[in-house]
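See structure below.
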Amino acid sequence: MTFIEDTMVNETFKQLNKFFIDGQWVDPVDGGRPHDITNPATGEKSGVLLFGDERDAVQAIQAAHAAFPSYSQASLSKRIELLDRIGDIYERRLEEMARAITLEMGAPLHSLSIPAQAAAGLMHFRVAAAIAREYPFETSAGAARVIKEPVGVCALIAPWNWPMNQVACKLAPALVTGCTVVLKPSQNAPYSSQLLAEILAEAGVPAGVFNMIHGEGSRLGQILASHPLIDMISLTGSTGAGTQVSKAAADTIKRVSLELGGKSANIILDSADLTAAVTHGVLLMMANSGQSCTAPSRMLVPRNKLAAVETIAKAVCAGIKVGDPLAPDTQMGPIANRRQYLKVLELIDTGLKEGGRLVTGGVAMPDTPPNGFYIAPTVFVCPDGKSIIAQEEIFGPVLVIIPYDDERHAIEMANDSIYGLSGYVFGADTADAERVARRLRTGMVHLNGANVDPAAPFGGYKQSGNGREWGAAGIEEFLETKSMFLA
């Protein structure tokens with residue numbers, strides 16, 4: 001049985017031709033415009049999504065607006081209980097969620113979709129509930145009472161690369177703070193959000209509190225961002241999409257929270273364990289086929305160790321199993337969609353034309369399933385950080401290694417970017433790495449291979465966006481502050 005024929009998956013997506021509005025599955029107003037969903041592992045059509053238009057968006061917005069007065073006044077304990085129920089049902093259906101993610105964007109089921117992609121969504125519901133139990137929604141300031149209240153009706157626009165991570169890290173804090181929501185998932189990765197809507201309905205989310213529409217991102221994004229009944233828009237996507245949304249939102253002065261692109265530097269200090277540092281950096285870069293905004297895509301290494309770094313990087317890439325995302329031993333699957341696949345190939349060609357030295361990879365892979373969007377783990381060496389592939393976010397399995405002369409030079413190159421989402425530093429110990437990390441203009445820095453912490457703020461500087469997600473900071477994004485002056 002092929003993955004597409006899996007009856008569990010087909011049952012889950014039986015409502016793919018409908019939107020979830022005001023607690024019900026409804027047809028698009030004008031019947032919808034069909035959009036094929038492609039399985040990136042095979043290049044074959046896996047389903048058909050119906051696109052909505054402005055009338056569908058307005059229906060969803062009006063439903064969320066009508067539900068806000070009641071839901072915003074629900075007790076915090078009731079909202080936390082709702083998140084707990086969502087988490088319990090999500091956990092029960094986690095493998096279904098992982099399969100949906102694999103089908104829509106190609107993440108390897110066993111090594112990534114189950115333990116990371118699907119699990120991340122569950123994590124955000126659990127963490128938001130736990131933090132809300134302790135969060136100070138009311139405090140004192142002198143003789144005044146300071147009250148944190150829900151911001152209102154929120155439009156959430158999510159990407160295809162980490163679909164449930166990026167939906168849940170917005171939705172969980174929105175729900176627990178008392179906001180109502182209109183979700184626009186990626187048009188290329190709708191299956192996981194379709195399943196999530198089922199989970200929310202089963203958990204008893206009140207009608208109108210959660211609404212979901214499908215459609216073309218640029219079109220519906222403009223409608224959601226500009227509509228006067230939307231109080232906040234939270235988008236994860238490209239820097240270009242963030243610019244468009246910000247402009248559309250400006251006339252109504254709504255809150256805009258953006259998590260955008262990245263070109264994260266990974267500084268390997270002279271004191272670091274070279275084999276451990278390079279191995280970790282390469283594997284992290286190639287995870288999710290390089291399609292992570294925080295991917296360590298620029299590896300900055302001491303010039304006198306460049307040859308050794310190249311040898312290690314090439315060996316690590318050779319050991320990565322690329323192929324069918326359903327195979328138990330697959331470590332890296334396909335690029336998530338044809339458009340991105342062609343973009344990555346084009347940028348690899350750009351790297352070759354502008355003089356980058358190819359260490360390994362750089363080609364589509366002939367030994368993978370036919371017509372799938374597979375690209376070999378690719379490593380370039382560039383003489384400095386000025387080339388296109390050293391500056392532009394490629395969003396594919398392409399690592400650029402750049403030599404530096406001294407520590408100051410490394411920090412200058414790391415900060416020479418329009419982005420500032422994440423960074424990485426490897427040194428002899430934590431203190432050695434932290435000394436350099438404090439000089440990086442990024443919203444996050446990983447020291448000596450440390451992982452993210454879901455309680456810590458997630459977000460970036462410069463053109464990587466504004467606002468923060470995750471943990472208490474993520475909850476605060478969905479709150480307004482009211483000062484109540486007492487007589």
Exercise. Summing -39500 (n - 2.57) over the DSSP H runs of n ≥ 4 in the chain and dividing by its residue number, what mean residue ellipticity at 222 nm do you reach, to the nearest 500 deg cm²/dmol?
Worked result: -12000 deg cm²/dmol
For this session: Go through region 283-299 residue by residue and turn each phi into a ³J(HN,Hα) via Karplus (6.51, -1.76, 1.60, θ = phi - 60°); whole Hz please, and just put x for glycine and proline.
Result: 4, 5, 5, 7, 4, 6, 6, x, 9, 10, 5, 9, 4, x, 7, 10, 9
Seminar exercise, completed: Here the percent of antiparallel bridges among DSSP beta bridges lying wholly in region 265-455, to the nearest 5, is 15
Problem set entry | Stokes-Einstein translational diffusion, region 265-455 - Kirkwood Rh over all Cα pairs, 1.002 mPa s, 20 °C, in µm²/s | 129
Exercise. Want the number for Thr311 to Glu354: 0.36 nm per residue separation, take away the alpha-carbon distance, what's left?
Worked result: 13.2 nm
Exercise. Each residue of region 255-271 in order: what ³J(HN,Hα) in whole Hz does its phi give by Karplus 6.51 cos²θ - 1.76 cosθ + 1.60, θ = phi - 60°, with x for Gly and Pro?
Worked result: 6, 10, 10, 10, 10, 10, x, x, 9, 6, 8, 10, 8, 9, 6, 4, 7
Exercise. If R0 is 60 Å, what FRET efficiency do you get for Ser238 and Ala143 from their C-beta distance, rounded to 0.05?
Worked result: 0.80
Exercise. For Tyr461, which sequence-distant residues (separation of 5 or more, or a different chain) have an amide H within less than 5 Å of its own amide H, given hydrogens modelled in the peptide plane?
Worked result: Gly420, Leu421, Gly443
Problem set entry | Protection proxy ranking of 49-55, 181-187 - average other beta-carbon atoms within 10 Å, highest first | 181-187, 49-55
Problem set entry | Antiparallel bridge percentage (DSSP; both residues within the chain; nearest 5) | 45
For this session: Would you mind checking region 20-48 for residues with the amide N under 13 Å from a putative spin-label position 7 Å along Cα→C-beta of Ala364?
Result: 41-44
For this session: Starting from the Cα coordinates of the chain, work out the convex hull volume and express it per residue in Å³.
Result: 143
Exercise. Say R0 is 25 Å: what FRET efficiency, to the nearest 0.05, do Arg55 and Asp88 get from their beta-carbon distance?
Worked result: 0.10
For this session: Report the calculated FRET efficiency for Val29 and Arg408 (r = Cβ-Cβ distance, R0 = 51 Å), to the nearest 0.05.
Result: 0.30
Exercise. Which whole number in µm²/s is D for region 312-399 by Stokes-Einstein, with the Kirkwood Rh taken over Cα pairs at 20 °C and 1.002 mPa s?
Worked result: 159
Seminar exercise, completed: One computes Rg over Rh for region 155-212 from alpha-carbon atoms, with the Kirkwood Rh, and obtains 0.93
Problem set entry | Least to most buried among Tyr341, Tyr424, Tyr461 (fewest other Cβ within 10 Å first) | Tyr461, Tyr341, Tyr424
Exercise. What dipole magnitude, in Debye to the nearest 20, does region 305-403 give about its Cα centre under +1 on Lys/Arg Cβ and -1 on Asp/Glu Cβ?
Worked result: 80
For this session: Please grab the % of Cα pairs in region 15-172 that end up more than 22 Å from each other.
Result: 56
Exercise. Given H placed 1.01 Å from N in the peptide plane, which residues other than close sequence neighbours of Lys321 have an amide H under 5 Å from its amide H?
Worked result: Gln331, Met332
For this session: Return the subset of Lys321/Lys462; Lys263/Lys321; Lys170/Lys263; Lys184/Lys343 for which the Cα-Cα distance in this structure is over 29 Å, preserving the input order.
Result: Lys321/Lys462
Problem set entry | Integer Hz, Karplus 6.51/-1.76/1.60 couplings in order for region 465-470, x for Gly and Pro | x, 9, x, 9, 10, 6
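Bear in mind these aren't lab numbers, they're just calculated from the coordinates by the rules spelled out. A quick note: this is a predicted structure, and the numbers were derived from the prediction, not measured. Glycine gets a Cβ as well: all are built from the backbone with ideal geometry, and neighbour counts include every protein chain shown.
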